[in-house]
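Here is the structure we will look at, set down as structure tokens.
Throughout, read-outs are computed from the coordinates displayed, never taken from laboratory work. The structure displayed is predicted, hence computed values, not measured ones. Here the Cβ is made from the backbone with ideal geometry for all residues, glycine too, and neighbour counts use every protein chain on show.
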Amino acid sequence: MALLTRELRASYAFVERNFNLSKRYWGWEVAFLVYSVAGALAVTLIGLDQDNARLILSLMIGATFWNYLSVVFSVVAEQISWERWEGTLEYTMMAPVRRVSQLFGSTVFAVLWGLLHTSVVLIVLVLFFGIDLSRADFLTAGVLMAVGSLSIIGIGMIAATLPLIWVERGDQMVFVLQSLLLLISGVYYSVTILPEWMQVIAAFSPATYILDGIRLGLIDGAPVTSIGFSHLLPLVVMAVVFIPLGAWIFARAEAYAKRTGKLKRVG
Amino acid sequence: MASHTTQEHTEVVTTLERPVYADMSVEVAPDPAVPALLIEHLTKRFEVGNRRKRKTVIAVNDVSLRMERGEIYGLLGANGSGKSTFIRLVSTLLSVEEGRVEVFGHDIARDEMAVKRLINRVSVDAAFFKKLSPAENLMYAARLYGVDARYARSEMVRILNRLGISSTRINRPLEQMSRGMQQKVSIARAFLTSPVLLLLDEPTTGLDPRSKLEVQEFVEEIRDQHDATIVLTTHDLEEAERLCSRIGLLNEGRLVAEGTVEELKAGVSNGRPGGATMHDVFMAYTGRSLDDDVEEPANDDE
């Protein structure tokens, strides 16, 4: 019990530190938020231009929830490069904290920050377009976000090892991975329009199920029970696979970095 | 004046002796009978260069040494001699594949977490979140090391004040502080976590003379008033002579000589009038000046 308390305290260190950093970099945070809002508005305006209410909702959901997923993914995946850039990576890795506590702290912050960020985007969009969500099933959206976040966190943990192994190119790889998720996951369109080979890859992206399921919930009012097998189950399976896999790969990457001296270098 | 100084010393000692890991003290309590640091045949190799021209560089080569509790052990060497690699190995930042490292009886390879709880390191570059304040950085460290937050808040002010950093500065971003001030905060951060083995990796390199003196005086206080065990790497021969109870000379990864200042000087004096200096010692054992740079191998992994 004492060990658990201590590890939770250590996890909180990462939450508190990241909030403190966000406060100190508030100018950039505002700039990113404005960019996210402008981007979501610009995309959703395509639906207005087409005079298609369903398209407006579909694009709004894509823009908003992709924003959430990308914030969560970025915070988790970029934690190593961020610390390397700040020059604190060695200090953090030397501390008597289990890596799972470090990753847990980072992901808690990622989810909280993602929710805050996305709430602002969502509020602006709803007000701007005067969207009617009276038919929406928010429980479906909430459950998919919660379960889907876990699998995104798992992928983020795997991605976070890239800058550990490849000091300079790792960041670029993370960026490419995030771009591919955007392309294949049906953020602004249905994955059914993708070439067949891309649809196969899309089946392995949790974002595909999250976004499609949220659309079903918010646009068609589908209850969470109706998409249990089609959307929720794949997300649960991915979470169960990706999170332990991410932790295992992270541990292997750390051992490799310690053997080859990669913690030291500043990229 | 004397009593004032004593009081300050007592405050520092209190900080160091206070148990931090109440819940884990049994697990990691250092046994005074075992050496603080025991190194046996430690070797660290790196593969450097690209795939076509890959070669092995031995950064630390068959180093063995033993430090008792309360010692300040100086590790002298030119740039690239293996000092920082040695410190990184003991700090768990590099893995030990050849040889053995024990910190208060805990084998670093088998019991890494216990070793982590016993050590802290001050590196040549004060590794901080520069946008954060000293208070925020130290609180982060306190939480990582399991120090009670309330205790940490009061202690950090006391230690920083002791190091000449006023309470009004502890909430301003570190990037607004001079390099010397940042290094003092780095030392304060290490002491806040009450390490029993402190690794000081060139803590005064690049500091202005006054800051350098203040840091050295602080280390002296620790030496005189407390049985803290410290490994100090430095370029500065005077600093090593002033602070260290024993000194080891590293050259191309090898420990080429070891002893007290007097022993080392006596070993190379050869009847010189006025005796040998530490510079003579260094030249005699390494064949080079301490200011000579050795190019560090580029690890082209990309």
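According to a simple spin-label model (label point 7 Å from Cα along Cα-to-Cβ), what is the distance in nm between B:Ser178 and A:Ser22?
Once both label points are built, they end up 3.7 nm from each other.
What is the mean number of Cβ atoms from other protein chains located within 10 Å of the Cβ atom of each residue in peptide B:140-152, rounded to a whole number?
Details: counts 10, 5, 2, 13, 14, 7, 10, 1, 1, 4, 0, 0, 0.
Taking the mean over all residues of the peptide, I get 5.
For a distance above 16 Å, tell me the whole-number percent of Cα pairs in segment A:36-107 that qualify. Please list the in-between numbers first.
Values: 1572 of 2556 pairs.
The answer is 62 percent, as a whole percent.
In sequence order, what are the phi-derived ³J(HN,Hα) couplings for segment B:107-119 according to the Karplus relation 6.51 cos²θ - 1.76 cosθ + 1.60 with θ = phi - 60°, rounded to whole Hz, with x for glycine and proline?
My calculation for segment B:107-119 gives 6, 5, 6, 8, 9, 4, 5, 5, 5, 4, 6, 9, 10 Hz in order.
Roughly how far apart, in whole Å, are the Cα centres of segment A:16-40 and segment B:60-76?
If you average the Cα positions of each part, the centres end up 47 Å apart.
Take the eigenvalues of the Cα gyration tensor for segment B:106-247, scale each by 5, and report the square roots as semi-axes in whole Å, largest first. Walk me through the numbers before you get to the answer.
Working: eigenvalues 98, 85, 36 Å².
So the three semi-axes of segment B:106-247 are 22, 21, 13 Å.
Which FRET efficiency value, to the nearest 0.05, is calculated for A:Leu48 and A:Trp166 with the Förster distance at 41 angstrom and r the Cβ-Cβ distance?
So, using R0 = 41 Å, E works out to roughly 0.45.
Would you compute the Debye intensity of the protein assembly as shown from its alpha-carbon atoms alone, equal scatterers and no solvent, and pass along log10 I(q)/I(0) at q = 0.06, 0.08 Å⁻¹ to two decimals?
-0.37, -0.62
Taking only the C-alpha atoms, wrap a convex hull around segment B:28-180 and report its volume per residue in Å³ as a whole number.
Details: hull volume 24.9 nm³, N = 153.
Hull volume normalised by residue count: 163 Å³.
Report the label-to-label distance for B:Ser64 and A:Ala251 in nanometres (one decimal), using points 7 Å from each Cα along the Cα→Cβ vector.
Those two pseudo-labels are separated by 3.4 nm.
Ordered by packing density, taken as the mean number of other Cβ atoms within 10 Å over each peptide's residues, highest first, how do B:82-95, A:190-203 rank? Spell out each step's value before the answer.
Values: B:82-95: 24.1, A:190-203: 12.6.
Answer by packing, highest mean first, reads B:82-95, A:190-203.
Can you give the Kirkwood hydrodynamic radius of segment A:62-173 from its Cα pairs, in Å with one decimal? Intermediate results must be reported in sequence, preceding the final value.
Values: mean 1/r = 0.0646 Å⁻¹.
Taking every pair of different Cα atoms in segment A:62-173, averaging 1/r and inverting gives 15.5 Å.
Mind giving me the FRET efficiency for A:Ala38 and A:Leu183? R0 is 22 Å, r the Cβ-Cβ distance, nearest 0.05 is fine. Each step should come with its number before you reach the end.
Numbers: r = 21 Å, r/R0 = 0.96.
Rounded to the nearest 0.05, the efficiency is 0.55.
How much length would be gained if the chain were fully extended between B:Arg272 and B:Ser167, taking 0.36 nm per residue of separation minus their Cα-Cα distance, in nm to one decimal? Write out the running numbers ahead of the final one.
Working: separation 105, 0.36 × 105 = 37.80 nm, distance 5.17 nm.
Roughly 32.6 nm would be gained on extension.
What list of ³J(HN,Hα) couplings, whole Hz, do you get for segment A:115-125 from phi and the Karplus terms 6.51, -1.76, 1.60, once you set θ to phi - 60° and write x for glycine and proline?
Going residue by residue, I get 5, 4, 4, 6, 4, 4, 4, 5, 4, 4, 5 Hz, with x marking Gly and Pro.
Share of antiparallel DSSP beta bridges in the protein assembly as shown, in percent to the nearest 5? List each step's numbers first, then the result.
On the way: 21 of 40 bridges.
Antiparallel bridges: around 50 percent, rounded to the nearest 5.
Any idea how far the Cα center of segment A:90-114 sits from the one of segment B:139-156, in Å?
That distance is 17 Å.
Using a Förster radius of 56 Å, what is the FRET efficiency between B:Glu40 and A:Leu133 based on their Cβ-Cβ separation? Nearest 0.05, please.
Working: r = 68 Å, r/R0 = 1.22.
Using R0 = 56 Å, I get an efficiency of 0.25.
So what is log10(I(q)/I(0)) for segment B:206-248 at q = 0.15, 0.19, 0.30, 0.35 1/Å, when the Debye sum runs over its Cα atoms only?
With no solvent term, the Cα-only Debye profile gives -0.36, -0.57, -1.25, -1.39.
I need the GluC sites (Glu not before Pro) found in segment B:90-125, filtered to DSSP loop residues with at most 13 other beta carbons within 10 Å of theirs.
Numbers: sites: B:Glu97, B:Glu98, B:Glu102, B:Glu112; in loops: B:Glu97.
When the GluC sites (Glu not before Pro) of segment B:90-125 are filtered for loop state and at most 13 Cβ neighbours within 10 Å, B:Glu97 remain.
Based on the alpha-carbon set only, what is the convex hull volume of segment A:100-240 divided per residue, in Å³?
Numbers: hull volume 18.8 nm³, N = 141.
Dividing the Cα hull volume of segment A:100-240 by its residues yields 133 Å³.
Compute the distance in nm between two label points, each set 7 Å from the Cα along the Cα-to-Cβ direction, one at B:Lys53 and one at A:Thr225.
7.0
Take chain A, compute every pairwise Cα distance, and split them into 5 Å bins from 0; I just need the percent in each bin.
Distribution as computed: 1, 6, 12, 16, 18, 16, 13, 9, 5, 3, 1, 0 percent.
Which value at 222 nm does the protein assembly as shown reach when only helices count, each DSSP H run of 4 or more adding -39,500 (n - 2.57), with the total divided by all residues and rounded to the nearest 500 deg cm²/dmol? Intermediate results must be reported in sequence, preceding the final value.
Numbers: 23 runs with 326 residues, N = 569.
Computed mean residue ellipticity for the protein assembly as shown: -18500 deg cm²/dmol.
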